[in-house]
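A.B. asks: Please find one structure pasted underneath; my questions will follow.
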Amino acid sequence: MKRLNQILTIVMAAFTGAFIGHGLYIYWDYQAHPEFYAMWSAPWYVQLFAPGIVLICVLVAGAAAKIFLSRKLKKP
């Protein structure tokens, strides 16, 4: 069970890091090529909504699994 808890922590951290990296790349690209993003009707940060929703789902599911595991480990 402890191993599963560690894997959940790693998965949650990996998804968070990937989201932050993706957000930084999009911001950097927006700063480097603003004329490309001016053609779109939506702002540049709209591209982060779908990955953000996926990240929230992963974090909620991971937190629920961690709570379940912690309660399972406390039972004798």
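A.B. asks: Looking at this structure, is PHE49 modelled with pLDDT under 95 and assigned to a helix (DSSP H, G or I)?
C.D. replies: On the way: modelled with pLDDT under 95: no; assigned to a helix (DSSP H, G or I): yes.
No, not satisfied.
A.B. asks: For segment 1-50, give me each residue that is open to solvent by 90 Å² or more (accessible area, probe 1.4 Å), touching a residue at least 60 places away in the same chain (Cβ under 8 Å) and either touching a Lys or Arg at 6+ places or on another chain (Cβ under 9 Å) or farther than 30 Å from ALA64 by Cβ (or both).
C.D. replies: Hit for segment 1-50 is MET1, nothing else.
A.B. asks: While we're on this one: Quick check, is LEU69 open to solvent by 80 Å² or more (accessible area, probe 1.4 Å), in contact (Cβ under 8 Å) with a residue 24 or more places away in the chain and more than 15 Å from the chain's Cα centre (by Cα)? Spell out how you get there, then give the answer.
C.D. replies: Working: open to solvent by 80 Å² or more (accessible area, probe 1.4 Å): no; in contact (Cβ under 8 Å) with a residue 24 or more places away in the chain: yes; more than 15 Å from the chain's Cα centre (by Cα): yes.
Considered against the rule, which asks whether it is open to solvent by 80 Å² or more (accessible area, probe 1.4 Å), in contact (Cβ under 8 Å) with a residue 24 or more places away in the chain and more than 15 Å from the chain's Cα centre (by Cα), LEU69 comes out as no.
The values are calculated or read from the model by the stated rules, or taken from the named source; none is laboratory data. Since the structure is predicted, the reported quantities are computational estimates derived from the model, not experimental observations. Reconstructed Cβ throughout: ideal geometry from the backbone, glycine too, with neighbour counts over all protein chains shown. Heads up: the accessible areas ignore ligands, DNA and RNA and are worked out on the full protein's heavy atoms, side chains in. Shrake-Rupley method; radii C 1.70, N 1.55, O 1.52, S 1.80 Å.
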